[in-house]
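Report on the following structure.
The values are calculated or read from the model by the stated rules, or taken from the named source; none is laboratory data. On a predicted model such as this, the values are computed, not experimentally measured, just so you know. Note that each Cβ is placed from the backbone with ideal geometry, even for glycine, and that neighbours are counted across all protein chains shown. Accessible surface is based on the protein model in full, side chains and every heavy atom, while ligands, DNA and RNA are left aside. Shrake-Rupley method; radii C 1.70, N 1.55, O 1.52, S 1.80 Å.
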Amino acid sequence: MDDSAALSSLDRRFLNVLRWRGAVQALILLAVAGIGELILVDQGLMHGLAAIPALAIGAWLTVVAPARKFSHWGFALDDRELQVAHGWLMRVHTIVPIGRVQHIDLSQGPIERACGVATVVLHTAGTDHSRVAVPGLSRAAAEAVRDRIRAAIGASPW
């Protein structure tokens with residue numbers, strides 16, 4: 001059963017957030033590979049043993065992985081529940097009944113702010129999966145989701 005047909009996609013600008021995050025990871029990897037290159041060359045080994053694989057992995061982290069990750073995210077909100085699905089190999093589909101939400105956060109890191117997207121975070125009672133996040137919504141959409149859930153919580157009989 002594929003539930004992704006009923007789910008809405010995230011804002012396309014979130015793809016840029018994922019690319020920037022991948023670029024940061026790639027830069028860290030390349031810095032470590034640069035140090036590895038210095039050590040390997042000092043040992044008399046040929047150039048590129050660390051740099052070439054690091055460049056390939058960095059390109060994958062920046063170009064390929066973000067698009068794949070973005071395409072496997074979705075969410076749906078109705079009057080009773082929020083559904084969030086993500087992942088390709090390990091598909092996670094979380095359903096949060098609105099009446100179980102204790103509080104709601106809206107967050108934006110510096111990259112998200114620059115790209116114009118935000119993350120809605122729902123907190124519920126319990127320990128496992130008590131925090132459910134919907135990243136990659138436009139700021140206006142995130143505020144609308146937050147306000148809709150807040151109104152539903154106020155109307156909930158629980």
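Key figures
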{"quantity": "Residues of segment 139-158 that turn out to be free of Cβ contacts under 8 Å to residues at least 40 places away in the same chain and within 20 Å of SER8 (Cα to Cα), as a count", "calculated": "6"}
{"quantity": "Segment 95-104, residues that are within 21 Å of the chain's Cα centre (by Cα) and open to solvent by 60 Å² or more (accessible area, probe 1.4 Å)", "calculated": "ILE95, HIS103"}
{"quantity": "Residue in segment 39-56 that is open to solvent by less than 50 Å² (accessible area, probe 1.4 Å), over 30 Å from GLY154 (Cβ atoms), of a type outside the set (A, V, I, L, M) and in contact with a helix residue (DSSP H, G or I) (Cβ under 7 Å, 6 or more places away or on another chain) present", "calculated": "no"}
{"quantity": "Per-region count, segment 65-93, residues β-branched (Val, Ile, Thr) and either surrounded by 16 or more Cβ atoms within 10 Å (Cβ to Cβ) or modelled with pLDDT of 95 or more (or both)", "calculated": "1"}
{"quantity": "Residue satisfying all of: in segment 118-138; of a type outside the set (Gly, Ala, Ser) and free of Cβ contacts under 8 Å to residues at least 12 places away in the same chain; most open to solvent (accessible area, probe 1.4 Å) among these", "calculated": "ARG131"}
{"quantity": "Residue count for segment 7-21, restricted to those that are among the β-branched types (Val, Ile, Thr) and either open to solvent by 90 Å² or more (accessible area, probe 1.4 Å) or in contact with a Ser or Thr (Cβ under 9 Å, 6 or more places away or on another chain) (or both)", "calculated": "0"}
